[in-house]
Each structure stands twice: as C-alpha cells, then as structure tokens.
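Written below as structure tokens is the structure these notes are about.
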Amino acid sequence: MGTRPCERRAVRLAAGTLFAVQTTFIAAAGVTAVPARGPAPAPTAPMTAAVLAAPLRPAAPLRLAGAPARRARSMWLSHGQAARRLDRAGLGLYSSGGCTDRRMRQCTSLEAIRARTLRGAIRLKHRSGCPVTLTGGTEIGHVVGRYSHGNGYKLDVAPNACVDRHITATRPFRGTRSDGALLYGSPEALYARTPSHWDILFR
C-alpha cells in the first residue's frame, strides 16, 4: 500500500492568524507524524509605508576573530611624529631659539600639526626639487583664527631662489594680502610671500 501525499490544513489560532500544519501519513508503518505543538507565533504588524520606504542599511563588515582592525590615519600629529616624517622626506626644521616648545614664540613646534598640512609641505619639496626648511609651525606668536598656525593649518617656509621661482611660476597670482604679502595658489593651498618667509596655508 503506497504512501499518501502530504496533507496541509489551515488551523485558525486564537489570535486570528492562519497557521499551516502539515501532517504526513505513512500507511505502511501505520504511524501518523504530526509536528510537535509549540507556542503560537505572535501576530505580525502590517508593514507601513514608512517602513517600506526606509532605506536598507548595509551590514557591518565581518572581521574574523583575532584579525587586526584597520588603523585609522591620525589627522593630528605630535611633534615627534611630524619631525620623523620631515626627516624621511628630506625637509629641514629650523628654530631661532633652538627649541620645540609651542608655548614659546622663539621655538618652532609641530605639536598638533595637521597631517594634511605636513603632506602639503612634503609635496612642495618633491614637486619643486628645492631645499625646503620649515621655520614656523604651531607655536604661539602667529595670527590667530580658524585656519591658523595654532590650529595646525599653516607652516612657514624659509625663502630661497629655488622655492621662490617654483611657487611664482607654478601657482597663479592671487593679489596682495592686507599686510602687503603677495599671494599665490588657491584657497586650499595659499602661499603668502612675506619679507622673511613663505606663510603657507593648507586647508
């Protein structure tokens, strides 16, 4: 005697939800298999238009246990970190006071300099092929403001014939600053030629 096909029947639960129960009759063994009874599933709330329209959020990337997390590049550098990068790139650092304390105006400090600002000075060195020496960083004594030395956006570079020629030949002239400094470049990388140095802003 063959096995009869599975039968499905709908059972109306107390909550008013239809739940399909499958019964299988095995005639040969004379056994009827019925799924074990469990708690009735909670009624599902209808999907609203707001839920349907909500954008799907991508799942967080899976990281295997023990795998090192990717280290985020620091935006701000200590003086030691910045000085090592300058040394590797072949840039010089000069202080009239022979010190690096940012609380003293005669020092040249790179404490809390932006990594982007330092990369701008390194690019100047590489693209110009000129000797580049920094003479001013985040120490006190400079004009304050959002895009200032103290906030890590500006560096002073010692002038020389090679640096002067490269900047004036490759950066468009932008006029004269309020203090009389000639401006070259763009708002994102602005070079101001003062009587004693290049005052450079990297945004």
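Just so it is clear, none of the values below were taken in a lab; they were calculated from the coordinates. Just so it is clear, the structure is predicted and the values come from calculations on it, not from any experiment. Here Cβ is always computed from backbone atoms with ideal geometry, including for glycine, and neighbour counts include all displayed protein chains.
Some notes on this structure:
- Just so you know, in the stretch 133-182 the residues that are of a type in the set (Asp, Glu) and part of a loop (DSSP other than H, G, I, E, B) include one that is farthest from the chain's Cα centre (by Cα), and it is ASP179.
- Counted residues, the stretch 101-120 - those being farther than 12 Å from GLY152 by Cβ and not charged (D, E, K, R): 4
- Yes/no for HIS126 being assigned to a loop (DSSP other than H, G, I, E, B), more than 22 Å from the chain's Cα centre (by Cα) and of a type outside the set (Val, Ile, Thr): no
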